[in-house]
Every structure is written in C-alpha cells, then in structure tokens.
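These notes are about the structure you will find just below.
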Amino acid sequence: MSEVKPLEKTENAYVAATIAKKDVDAGEKLLRDCKSILNKLAPEKFDKLAGQFLELPVESRADMVGIIDHVFDKALAEPVFGTMYSTLCARCSESFPEFHDADNPGGKPVTFKRLLLNKCQEEFEKENVVKTQLEALGEDTPKEEKELIRMRAKKRMLGNIRFIGELYKQKMLTEKIMHECLIKLLGDIEKPDEDEVECLCKLMTTIGSLIDHARAKSHLDEYFTRMKSMANNEKLAIRMRFMLREVIDLRRDGWTKRRHTATKAQVPRGRGPQGSASPPPRPPPPFLGQLHLMPQQPTQQQLVEMEMQMMQLGSSMHASPSSSPPPLPPPPFLHGQLHPMLQPTQQQMVEMERQMLQQQQQPRGRLAAETQQQWQLQMQMQHQWQLQMQQQQMQQAQAQAQAQQQQ
C-alpha cells in the first residue's frame with residue numbers, strides 16, 4: 001500500500017478569525033452582527049431583536065449603506081415578512097444618525113430613509129438592465145439558464161413592489177410616489193408586459209385601500225378603466241387577465257377579500273336560520289357488535305315468541321321425504337334468550353344497529369311498522385342460518401358415505 005502524502009499548507013490558506021486571533025475590521029464586524037440579527041428575526045421575537053439592531057454602531061455613510069443592502073435583500077427574498085422588515089426600517093429611520101453628503105456639502109444630509117428610497121428606485125428601474133443582460137448572452141446559452149435569470153429578476157421585482165407598498169403603509173413613502181409607480185406599470189395597454197401586470201396587481205392589492213379616497217377618485221377610476229381594458233385583451237395570458245379581474249372585484253367589494261366577507265356572513269354556531277336554538281348534538285353511535293339500548297329493544301316476551309316461531313319453521317322445513325337428512329334439534333329455551341348458536345353474526349349486529357339509528361331519525365308514526373320489519377328481518381336471517389347448517393350436515397354425511405364405500 002502506497003504512502004499518502006501529507007497535505008501541503010499554502011501561504012494564503014483560510015483560517016477562521018477566532019482561531020487566528022486577528023483583529024476584525026469594525027465595518028466587517030458591523031455587517032456580521034447585522035446579518036446575524038436579520039437571520040434570527042421573526043415576528044415572535046421582533047421587539048427584542050429590533051432593539052439589538054438599533055444598537056448597532058453606525059458611524060459612517062458606508063456603514064448605513066451596508067446595513068440597508070442587507071435589510072433590502074432580506075425583504076426581497078422573504079416577501080411574506082414585508083410588513084416586519086418595513087417596520088424595522090421605520091424604526092431605523094427614526095434612530096440612526098444623519099451624515100453630511102461629501103459630494104454635495106451644501107445639500108440635504110444623508111439619512112437612512114433617503115438611502116433606502118434610492119435603493120428601492122434603483123431596483124424598480126432595473127427592468128431594462130435585465131433585458132440587456134439577456135440580450136448580451138450568446139445564442140449558445142441554454143434556454144434554462146436564460147429562464148433562471150429571468151425568474152430571479154421577476155422574484156426580486158415582485159418582492160420590491162410589495163416592499164414599496166409596505167413602506168408606504170409605514171408612511172416612509174408619499175402617495176405621489178405610489179401614483180408614479182402605478183402610472184409606469186399601466187404604460188402599454190395593447191401589448192402589456194406580464195411581469196409589469198403582475199407587479200401592478202400586487203401593488204394595487206397592497207395599497208389600494210389607502211389611496212382610494214375622494215381626492216384621488218378620478219385617478220383611481222382612470223387606473224381601473226385601463227385595467228378593465230387590459231383584462232379584456234385576448235392577447236394577454238389568461239392568468240394575468242384573471243388576476244386583473246380579481247383586483248377589480250376587490251375594489252368593487254370595498255377592498256374586502258371574499259373569504260373575509262364569507263366569514264362575516266356565516267350563521268352563528270348554536271343558532272338556526274331564524275335565530276332559534278338548535279337541538280343538542282346526537283350522542284355517538286355504540287361500539288360495533290353491541291346493540292344500542294333504545295326503547296325499541298325487544299322485550300322478554302317477544303324473544304320467547306321468536307324462539308317458538310323458529311321452532312315451527314324448523315319443523316315445517318324438515319317435513320320432507322325420507323332421503324333428506326334428519327332435522328336439527330330445536331334450540332332450548334334459555335330463560336327467554338336466544339340459543340348461543342342462533343346469535344346474529346357481527347355484520348348482522350352492525351346492520352341492525354344502523355337500522356335502529358335510522359329509526360331514531362324518522363317520525364314516531366313509523367316506529368311500529370319499522371319494528372315489525374326488523375323482527376321479520378331477524379326471522380329471515382335465522383332461517384338462512386338453518387339452511388346453511390342443513391347443507392353442512394348433508395355434505396358431512398356424503399363425505400362419510402364415500403369414505404365407507406372406499407374402505
């Protein structure tokens with residue numbers, strides 16, 4: 001077996017900072033702490049972690065830009081938690097310091113809110129950049145790779161639109177900016193872009209109830225007139241057309257989603273359609289194989305009469321030529337109970353229970369007739385059982401006769 005050469009250590013080998021005991025740059029440590037808190041951020045622990053986030057030492061514009069990049073990327077990657085990240089940004093806008101603009105000393109100071117809005121605007125205008133990147137790819141590039149790039153860009157675009165709407169709810173954006181975004185997304189009616197249509201529906205669903213007021217009614221009416229025209233455009237995909245119609249219906253219903261309306265229209269529990277108290281719930285059915293103790297259960301006298309009828313049936317059936325096998329002995333009386341051999345099977349007991357439960361739901365006037373049918377059913381089952389026993393005895397007798405002949 002050949003010897004294994006030892007590993008060669010290169011000059012630029014990676015060594016963890018905690019092991020190397022090197023001094024970590026303050027800016028790098030700030031971004032590490034920022035990312036660590038964002039990875040643990042959740043609605044249940046928001047207040048505690050948001051307090052830790054606001055205590056981060058932001059000492060320069062570069063530090064603030066790095067923090068905004070991390071928050072922005074998390075908000076776009078997790079659009080479901082857009083409300084949580086927008087609330088965090090609102091608190092940061094109030095707590096983080098301001099810095100002088102080195103490029104424009106006489107201009108407005110650089111704030112967290114200003115840098116965040118610039119970031120949102122850059123992402124909103126990236127559509128042309130993605131198209132340019134796709135066109136720059138060679139013809140040999142697989143379609144799967146192009147589609148992957150386009151889907152990533154679409155995900156970020158939808159996440160950015162939703163995040164912009166959540167920032168408007170936190171009053172970090174003005175209504176004028178929202179109208180500018182809507183006008184841009186409503187650009188082409190004849191040949192609308194599907195991604196822009198989906199962004200339009202997402203943004204309108206998020207902020208529609210806030211911008212639909214008396215002062216902006218004329219603008220909203222114009223927006224929805226164009227949306228109706230797009231919804232009737234047969235060149236647009238069916239999915240996009242239905243999405244537009246859902247937003248139109250949402251405004252018509254007062255910006256209340258259908259599932260919320262259905263929940264309000266439900267009848268309260270424990271009340272009928274006219275407000276009367278509903279009857280108490282029925283008790284659960286008995287265990288399988290056990291008769292339910294009901295008032296219709298056969299009495300002692302009825303059981304005795306059933307035994308006598310069974311004996312008569314057995315004697316009449318065996319009044320046949322001498323070639324038939326001997327009749328079965330009649331079942332003995334066991335103090336008004338059926339003979340153990342004549343007890344119904346498990347399946348028959350279950351069927352009887354089901355029928356008796358049905359009787360409980362029927363009017364009282366039919367109970368007598370139903371009870372009589374039940375006794376007739378029991379007699380028929382006992383009759384079938386006797387026929388089966390006779391056939392078994394005949395088969396046994398024939399088998400014995402054949403065995404004797406062979407001997």
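Looking across region 224-250, the residues that are open to solvent by 40 Å² or more (accessible area, probe 1.4 Å) and not hydrophobic (A, V, I, L, M, F, W, C) come down to T225, R226, K228, S229, N232, E234, K235, R239, R241, R245, E246.
Picking from A102, A62, which residue would you name as being touching a Lys or Arg at 6+ places or on another chain (Cβ under 9 Å), farther than 22 Å from Y168 by Cα and open to solvent by 60 Å² or more (accessible area, probe 1.4 Å)? If you could, list the steps in order and put the result at the bottom.
Working: A62 fails: touching a Lys or Arg at 6+ places or on another chain (Cβ under 9 Å).
Testing whether each residue is touching a Lys or Arg at 6+ places or on another chain (Cβ under 9 Å), farther than 22 Å from Y168 by Cα and open to solvent by 60 Å² or more (accessible area, probe 1.4 Å) leaves just A102.
Of the helices (runs of 4 or more DSSP H) lying entirely inside region 129-240, those containing at least 2 residues that are in the same structural domain as M84 (by the TED database), under 25 Å from Y85 (Cβ atoms) and aromatic (F, W, Y) are 143-169.
Against the test of being surrounded by fewer than 18 Cβ atoms within 10 Å (Cβ to Cβ) and at pLDDT below 90, the options E144, E94, E123, E55 yield a single qualifying residue, E144.
A quick yes/no check of all residues on (1) surrounded by fewer than 18 Cβ atoms within 10 Å (Cβ to Cβ); (2) at pLDDT 90 or above; (3) not assigned by the TED database to the domain that holds P109:
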{"residue": "I19", "(1), (2), (3)": "yes, no, no"}
{"residue": "K22", "(1), (2), (3)": "yes, no, no"}
{"residue": "R32", "(1), (2), (3)": "yes, yes, no"}
{"residue": "E44", "(1), (2), (3)": "yes, yes, no"}
{"residue": "G51", "(1), (2), (3)": "yes, yes, no"}
{"residue": "S86", "(1), (2), (3)": "no, yes, no"}
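Return the pair list, or none, for Cβ contacts closer than 7 Å from residues in region 50-71 that are under 24 Å from T83 (Cβ atoms) and in contact (Cβ under 8 Å) with a residue 12 or more places away in the chain to residues that are charged (D, E, K, R) and part of a helix (DSSP H, G or I), at least 6 apart or on different chains. Qualifying pairs under 7 Å: A50/R91; L54/R91; L56/D33; I68/K119; H70/K35.
The values are calculated or read from the model by the stated rules, or taken from the named source; none is laboratory data. Being a predicted model, the structure only gives us computed values, none of them experimental. Note: ideal-geometry Cβ built from the backbone for every residue, glycine included; neighbour counts use all protein chains shown. Side chains included, ligands, DNA and RNA excluded: accessible areas come from the protein's heavy atoms. Shrake-Rupley method; radii C 1.70, N 1.55, O 1.52, S 1.80 Å.
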